[in-house]
Amino acid sequence: MMNLLALTLAFVCAQDTKTVVRQEKTEYNAAVAKYREAEAMVQTDPGAAVERLTEILGNSKIRFFECILKIEQRPGDYSEHQFFPYQARGIALSNLAGKVPPEIAQKHLTNAVADLQESVKRNVPSAAGPLKLAQDALAKLKADVTKPPDTVKADPVQKFREKWDPLMRNNRFKAAKAVLDKESEGLTDDQKKGFLQSTEEGCRIVLTRWVSEFRPQFVSAMAYGQTPEEFEILFKLPAEEELIVSNPVVDWARQYKTAFAEVQAQKAPASTLIPAAVASAPLEERIENPYFKAIEAVVFTSLKTGISTEVDNAREANKADREKARAKADGLLGQWKGFTGKLEPKFVDRHKGFLGDHERQLTKLFDGFPAELADLDKIDKAVESAFSAESPDADLAKIEESLSKFETSGNLSRESRQTLYTTRVIVAALRGLFNGKTEEAVAADLSSFGQKLREAGGAAGDVKKFGPRVEKVFAVLLR
């Protein structure tokens, strides 16, 4: 009989990796889905699992087995999947052997050994443990045929395993530990200690295997999004009520599953994942934490989009609405600074490449907010004083030159542009009229400012104070 204590952490070692091109993705995606379905039944319904795995192994369109599949879903976008149907069928056959009479069990174990040998041959280290157990179980089954019944019943280890093994096969580790605590009569202290270690190790292996499958799929989901069905599969967590050891990644995923679900369903902005990102920092000590990097990218994109939207909203808005947009953008940048401020300095230093670049990008966006020209009020007074100057046209020419420089400032607020264009028209109109031009001729010279004034909201202030002829120039421009 097969149980999980035989599995080792070897399954996380490097496996053969095979790349599946997009033209083949449909067949392989279906095979992976069927494999996962079968894998979930290896313990609970091994017979059904064997049927599904046999279908996969008999599919002539599937060329790669016992490997990590890299399936190209979109150009340059690959999903990774563990794909060990020989190993899974071998374990399922071993489990099925525990549910049938000895003569049938022997056949199942023989086939299990063959499958597991094939898996080992194809460079799957995690198949070695199950293979040894299947071989031992087959040898014991053959020996038990001739062993006196009383001898078998007298073995306290065998008696204990009859209750403990089924629980381990079904990942019921807490129940298996309870059996050890209450029904281990006849076992030595060393045997009890060994079974306790095996129970804990079996639980630890299941959690580690879940994490190894979860990590690449989580990173891909953060980058490309996922359907509700895909989300449910990704966050299908090990049953908490049967765990006797913990895994920080599993605990973290369980704690923030609801937050990820809200964002996936577009019921909450990605910035609500900031606590999950901060909490992910201790999960892995490698140079770049994959969980953190994946979430940080989503948070950054969300904040960047939000700030960009407020900058766009402010461009043609009035002062009150511009101030509201700026306040919202400041709030979004504040979320980012609050986020990075909660991280340990050493962690920030390890990830400073993309963290620093993202902060610079967010800060740079604020250059897009319209600016105010504070010196325009002085120009108005200078225009009035030009009338009493020795050479009004020369003074007005200097003012016009200053206004031209202001216009090159580029990103000006709507009110500043309105005042600037109005003043430019006034100065140019006065110069043209002083030089004997008609109102229509001056307006024709200034025709390019007509559309600019209309877009900025018309003339600013009272242009009548510069005389009816200047007022008429505006009337011609804006008609």
Q.
Going residue by residue through the stretch 405-418, is there one that turns out to be without any contact (Cβ under 8 Å) to a residue 12 or more places away in the chain, surrounded by fewer than 19 Cβ atoms within 10 Å (Cβ to Cβ) and not in a loop (DSSP other than H, G, I, E, B)?
A. yes
Q | Single condition Asn313 does not satisfy, out of (1) at pLDDT 95 or above; (2) under 29 Å from Ala456 (Cβ atoms) | A | (1)
**Q.** Residue list for the stretch 96-110, filter: surrounded by fewer than 20 Cβ atoms within 10 Å (Cβ to Cβ) and not small (Gly, Ala, Ser)
**A.** Lys99, Val100, Pro101, Pro102, Glu103, Ile104, Gln106, Lys107, Thr110
Q) Quick check: is even one residue across the stretch 18-39 within 25 Å of Ile205 (Cα to Cα), out of contact with any Phe, Trp or Tyr (no Cβ under 8 Å at 6 or more places or on another chain), assigned by TED's automatic domain parsing to the domain that holds Ala92 and not in a helix (DSSP H, G or I)? A) no
Q.
Being closer than 23 Å to Leu133 by Cα, in a helix (DSSP H, G or I) and without any contact (Cβ under 8 Å) to a residue 40 or more places away in the chain: is that true of Leu196 here?
A. yes
Q) Which of the residues belonging to the stretch 222-250 are part of a helix (DSSP H, G or I) and either in contact (Cβ under 8 Å) with a residue 60 or more places away in the chain or surrounded by fewer than 16 Cβ atoms within 10 Å (Cβ to Cβ) (or both)? A) Met222, Ala223, Tyr224, Pro228, Glu229, Glu230, Glu232, Ile233, Glu240, Glu241, Glu242, Pro248
Q | Residues that are in contact with a helix residue (DSSP H, G or I) (Cβ under 6 Å, 6 or more places away or on another chain) and farther than 22 Å from Ser391 by Cα, drawn from the stretch 441-462 | A | Ala443, Leu446, Phe449, Gly450, Lys452, Leu453, Ala456, Gly457, Ala459, Ala460
Q. Somewhere in the stretch 435-445, is a residue at pLDDT 85 or above, closer than 23 Å to Glu372 by Cα, of a type in the set (Val, Ile, Thr) and part of a helix (DSSP H, G or I)?
A. no
Q.
Out of Asp136, Asp181, I need the residue that is loosely packed, with under 14 Cβ neighbours inside 10 Å and assigned by TED's automatic domain parsing to the domain that holds Leu93. Which one?
A. Asp136
Q) Just wondering, is there one or more residues in the stretch 310-332 that are of a type in the set (D, E, K, R), surrounded by fewer than 20 Cβ atoms within 10 Å (Cβ to Cβ) and under 20 Å from Ala223 (Cα atoms)? A) no
Q | Residues (touching a residue at least 24 places away in the same chain (Cβ under 8 Å), assigned to a helix (DSSP H, G or I) and of a type in the set (Val, Ile, Thr)) located in the stretch 264-291 | A | Ile274, Val278
Q. Phe260: assigned to a helix (DSSP H, G or I), surrounded by 16 or more Cβ atoms within 10 Å (Cβ to Cβ) and modelled with pLDDT under 95, yes or no?
A. no
**Q.** Where Asp367 falls short, out of the listed (1) over 24 Å from Gly306 (Cβ atoms); (2) loosely packed, with under 11 Cβ neighbours inside 10 Å; (3) under 48 Å from the mean Cα position of the chain (by Cα); (4) not small (Gly, Ala, Ser)
**A.** (1)
Q) If you check Val113 against the conditions, is it buried (at least 16 other Cβ atoms within 10 Å of the Cβ) and within 23 Å of Gln43 (Cβ to Cβ)? A) yes
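The values are calculated or read from the model by the stated rules, or taken from the named source; none is laboratory data. Predicted, not measured: the structure shown is a model, and the values here were computed from it. FYI the Cβ positions are ideal-geometry reconstructions off the backbone, even for glycines, and counts take in every protein chain you see.
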